[in-house]
Structure formats: C-alpha cells, structure tokens
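The values are calculated or read from the model by the stated rules, or taken from the named source; none is laboratory data. All values reported here derive from a predicted model rather than from experimental measurement. With ideal geometry, Cβ positions are generated from the backbone for all residues, glycine too; neighbour counts draw on all protein chains shown.
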Amino acid sequence: MTNTKIMIVEDDIDQLIGLKIRLQANDYTVVHAVDAVAAISTARREQPDLILLDIGLPAGDGFTVMERLHDLMDVAHIPIIIVSAREPEAYAERAINEGAFAFFQKPVDNEELLEAIENALGTAV
Amino acid sequence: MPEAAIQLDTSASPAVLLLDDEPKVLSGLKRALRKEPYELLCATTAEEAFAILHERSIDVVISDQDMPGMTGTVFLAKVREAYPSVCRFMLTGKATLDVALQAINDDAVRQFFTKPCDPATLAQSIRNIIQEKTLEQALERVQQRELELKNRLLSHVSHELRSPLAAIYQFITILLDGLAGELSPKQREYLEIVLRNVNQLRSMVGDLLDCTRATNGKLTVTPQPIEITPIVVETLHTLRPSATQKGLDLFVDLPAPGLQASGLPAAGLPIVAADPVRLRQVLVNLVENAIKFTPAPGTITVRQRDLKDEPEMLCLTVTDTGRGLRPEDTARIFERLSQTTETIDEQRHGLGLGLYICSELIQRHGGRIWVESEFGQGSTFCFTLPRCSNTAPDGT
C-alpha cells in the first residue's frame, strides 16, 4: 500500500515521532498536526486516507475535531481511529457513536493498531 | 481542588430512647430533658423499645432495671447484640444497685443512675456520649477520605507513568527492529536488557492500574463464550522461553478436540464464559509466579480438574514442583503486597499485586481461586470459570 497517507493528530512529540517511524516502516506516508486547529487545516490540505486522532489536544479536543471534520464535505469521508490516553470505559462508546472507526487506549500495541488501520482503509469509500 | 475542613455532622439530630414501665418516670424525664439538643423517644415495654430501635437510629438508650416482662439487664444485653453502637445507660432503684454494678463490670452498661436521678447529671452524661459519637463519625469520615485520596493519587500516578513508558518502549523496539540502522551484537544485547527492564516496568504499572481499579470498583471483565485450550496453549507458548531458560519444563495437559486413536471424536474442554484478555492475564500471572519460585530442574503443568460438587464450573490448575508455601503464607497470598518470607537467592521483581489482581479478576467472572500447597512439596493454584449454560454436559 504505497503512498497511502496517514495523518497523526497528537500533541506529545515523542509519541508522534515514534508512531511516525513505525508507520513509515510499514510504507505509509505520514503527516501530522499538533493541535485541534491545525488538525482541520492539515486534513483539508493533505487529504489523508486515514486519521489517527488523540482526544486530549490543545485548542479543542478530539471530539470537536471529529465533529468539525464530519461537517466538512471535503474531509468527512476520511476514516478516523481515536488513540487516547483516556479510559475506554468512559470514552470508547462515545467515540464509536460519533463516527470513529475504532478506539485505542495508549500505549497502543503496534500490531493491533496496524491491523485496525488496514481494516479501516479496507472499508474506506 | 482545595480540601474542605471536615464538618462535624450536626445535621442528623441525635436521638435518645427512654425505657421505663412507669409512665410517670418517663414523663418526668421527658419534661426535665425537653430543652436538650436531642430527640427524646419513650417506650414502656421492651417490645416498643425494639420497634423504635428498628426504625430509628438511636444514639443512647436508657433503661430501667426493674420491669415486668424483661429486666433492664436482659433488655440491654439484647440491645448490645443487635445494635452494638448504641450507648447503654441504666436507671436503677436502690434495690437493684448490685445488679447495676455487675452490669458495669460486665461492660453491659456504660453508666447507671439511681432513681430518683438528677436530670442535670443525666443530661450531661448524654451530651458527653453524643459528642463522643460525633467525633467518632468525623474520624471515620477523615479516614475514608484519606483512603480515597490515596487511591486517586495512586491511580493518577500509574496512569501518568504509562505515556513515558510507552515512548521508551516504542523507541527501544524501533531500534531493535533495525529501523534506525543495523545493530552490533553488543548494541543488540544491551538494548535487549533495556527492553526486559522496560517490560518489567510496564508490567508493574499495569498491575498498579489494575489494582487501583479493583479497589475503586472499576475493574471490568467482558466475558464471552470461549474455548479455553487454544488460549492456554498459546499463552504457555509465549512463556516457554523464559521457563526453558531457567531449566524448567512447561506442560499443558488438557483434552484437545480432534480424533482419538480409536477414531471416535474427543471432546475438547467445555466452552466457558470468560474474557480472553483477562484469562491470559491470570494464566501469565500464575505461570510466571511458578517459574519464579520453582528451582531447576522443575516442571510446571496446567491441567483441568473435575469438581464434582460444582458441575457448572470449569476448573483449571497450575501445578509446580517448587518450594511450596507455608500455611501462614497460603492464608494471605491473595492479598495485596503479599510476598513470602523466603529470601533465598531470588530477585524481587514485581510489586506483589499479581495474585490479588488474579483473585479480583476471577471473582468478577463468578469463579473462585485458591491454592493447595505444602512447604517443600510444590504448589497447585486452582481457579474456576463458569461454563456456558447452553453447553450440554457432554461438551456438545
């Protein structure tokens, strides 16, 4: 799957770099944004095939980002996987209900995340 | 969030119960104590008194001794048994003074007052008791809040530790996977040492988190119908390298579905209702413990056991040929922070929370966990899981 582009929205730089290296090692092209505002503009500019979205972000939270993305016709179709430090009991159901493909709690298992990404891309229109 | 000072709870009105068969005594006392800051309830028989005690939260009960039907000492003894936190006073005439003294000695009664009693003295005594109780309750609330605070702190800390640990783990594995260039053998070796220790840290933090969740009532399991054997086989497979490294054999002795030599189908283990992730967690804990405490050459075996008096449960056992446990260790082994008193050669890894977490997880499945062990003879850890109810007894 060369040239498949993934956007990571994450404010923790170390997590970001680590994940980027892993994804690039699996032949994905990676772009990123570090806050809620940049998430929207970067998504519209870069048109990624999938978005990995953190919930705890500066300038708004992941749910706000997701809602905004779903409101914009040019990016509403992009599958989103939430990757968050928060407890699944409180947030996973909400994430799915609001349109996320999956919810992962950090620290994520690399294999499981990669599998979920493949599945999400398989279902993308 | 700033901590509010503990308020003495003056909202619930204290209540005092008077029992005397003579209505004149009751009305006299009631009149004398009418300005006191507590509610006064009256009864003329023991039955009435018990009815009131059953309905209301009473702080002090004052009983006459000489009553038809039931004497004060008998009544108060019953009160002590049924409502141990209620303070007991006795009213006694001169004729029953020695009974009262005996009651004090027996600790059946806190204080007695001879009739006719001075209302001021009685009132003061009651007020003292009520003050005492209020302070006791405040102390309990402080202790409770301390405990909650500690739990929250522990929970918060273990949560926060995960992010940096995740970053370390990610980059160590990135290096070991050769994604930053090839490694020399020495670099690989040292990085693997780091990885081993990071994994221990992750495991400890994971245990801490599960432990705080269990304490806060937030440990969840999601049972589903699963086949146990593949999970056991797979889990032990991942643990075998560390067992072999220690010179130990790891065996799985479970029936597997398939064909027997006779050509007849063999039933595997019955389907159970269990959370596969949590089941793996329990198995890893038990087997890792066995590996830790079994010297080479040794054997660790996972088996099924038939429990005749619990046919609705499936029982698995993990048996080792290790040191075994003393009775005093067996009793506490599923508690938090329990570690045995032996200190021979072993390295103390882990926080001593693993078995507590196993116990909590198995209980949340509706099962039991216990250990059978004799010092010097090895140990067998056993746990049960509920079989799926739509499974026929013969396993189909």
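Figures for the structure shown
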read-out	value
Any hit, the stretch A:79-90, residues being out of contact with any strand residue (DSSP E or B) (no Cβ under 7 Å at 6 or more places or on another chain) and at pLDDT 90 or above	no
Single residue of the stretch A:73-102 satisfying the filter (away from every other protein chain (no Cβ under 14 Å) and part of a strand (DSSP E or B)) that is surrounded by the fewest Cβ atoms within 10 Å (Cβ to Cβ)	A:Ala102
Selected residue [buried (at least 18 other Cβ atoms within 10 Å of the Cβ) and modelled with pLDDT under 90] from B:Thr212, B:Thr235	B:Thr212
Qualifying residue in the stretch B:223-246 (condition: assigned to a helix (DSSP H, G or I) and within 11 Å of another protein chain (Cβ to nearest Cβ))	no
Scan of the stretch A:53-65 for residues that are at pLDDT below 95, in contact with a Gly (Cβ under 8 Å, 6 or more places away or on another chain) and either within 20 Å of A:Leu121 (Cβ to Cβ) or more than 14 Å from chain B (Cβ to nearest Cβ) (or both), ordered by number	A:Asp54, A:Gly62
Residues (touching a residue at least 60 places away in the same chain (Cβ under 8 Å) and either buried (at least 18 other Cβ atoms within 10 Å of the Cβ) or β-branched (Val, Ile, Thr) (or both)) located in the stretch B:215-227	B:Thr215, B:Leu219, B:Thr220, B:Val221, B:Pro223
Pick from the stretch B:320-362, criterion acidic (Asp, Glu) and modelled with pLDDT of 85 or more, ranking: farthest from B:Pro223 (Cα to Cα)	B:Asp320
Selection count, the stretch B:302-321, where residues are over 18 Å from B:Thr384 (Cβ atoms) and of a type outside the set (Asp, Glu)	1
Boolean, B:Leu201 is over 30 Å from the mean Cα position of the chain (by Cα), of a type outside the set (Asp, Glu) and within 14 Å of another protein chain (Cβ to nearest Cβ)	no
Boolean, B:Ala120 is among the small types (Gly, Ala, Ser) and either closer than 23 Å to B:Ser13 by Cβ or not assigned by TED's automatic domain parsing to the domain that holds B:Asp20 (or both)	yes
One residue from B:Ser27, B:Ser63 being under 42 Å from the mean Cα position of the chain (by Cα) and of a type in the set (Ser, Thr, Tyr)	B:Ser63
Residue that is farthest from the other protein chains (Cβ to nearest Cβ), among those in the stretch B:143-183 that are within 39 Å of the chain's Cα centre (by Cα) and of a type in the set (Gly, Ala, Ser)	B:Ser158
Flag for A:Ile6 being surrounded by 15 or more Cβ atoms within 10 Å (Cβ to Cβ) and either in contact with a strand residue (DSSP E or B) (Cβ under 6 Å, 6 or more places away or on another chain) or within 14 Å of another protein chain (Cβ to nearest Cβ) (or both)	yes
Members of the stretch A:10-51 found to be within 14 Å of chain B (Cβ to nearest Cβ), touching a Leu at 6+ places or on another chain (Cβ under 7 Å) and not in a helix (DSSP H, G or I), listed by number	A:Glu10, A:Asp11, A:Asn26, A:Val30
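Conditions tested, residue by residue: (1) more than 15 Å from B:Leu17 (Cα to Cα); (2) of a type in the set (Ser, Thr, Tyr); (3) out of contact with any strand residue (DSSP E or B) (no Cβ under 6 Å at 6 or more places or on another chain).
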{"site": "B:Thr73", "(1), (2), (3)": "yes, yes, yes"}
{"site": "B:Leu76", "(1), (2), (3)": "no, no, no"}
{"site": "B:Gly93", "(1), (2), (3)": "yes, no, yes"}
{"site": "B:Asp98", "(1), (2), (3)": "yes, no, yes"}
{"site": "B:Pro116", "(1), (2), (3)": "yes, no, yes"}
{"site": "B:Thr121", "(1), (2), (3)": "yes, yes, yes"}
{"site": "B:Gln124", "(1), (2), (3)": "yes, no, yes"}
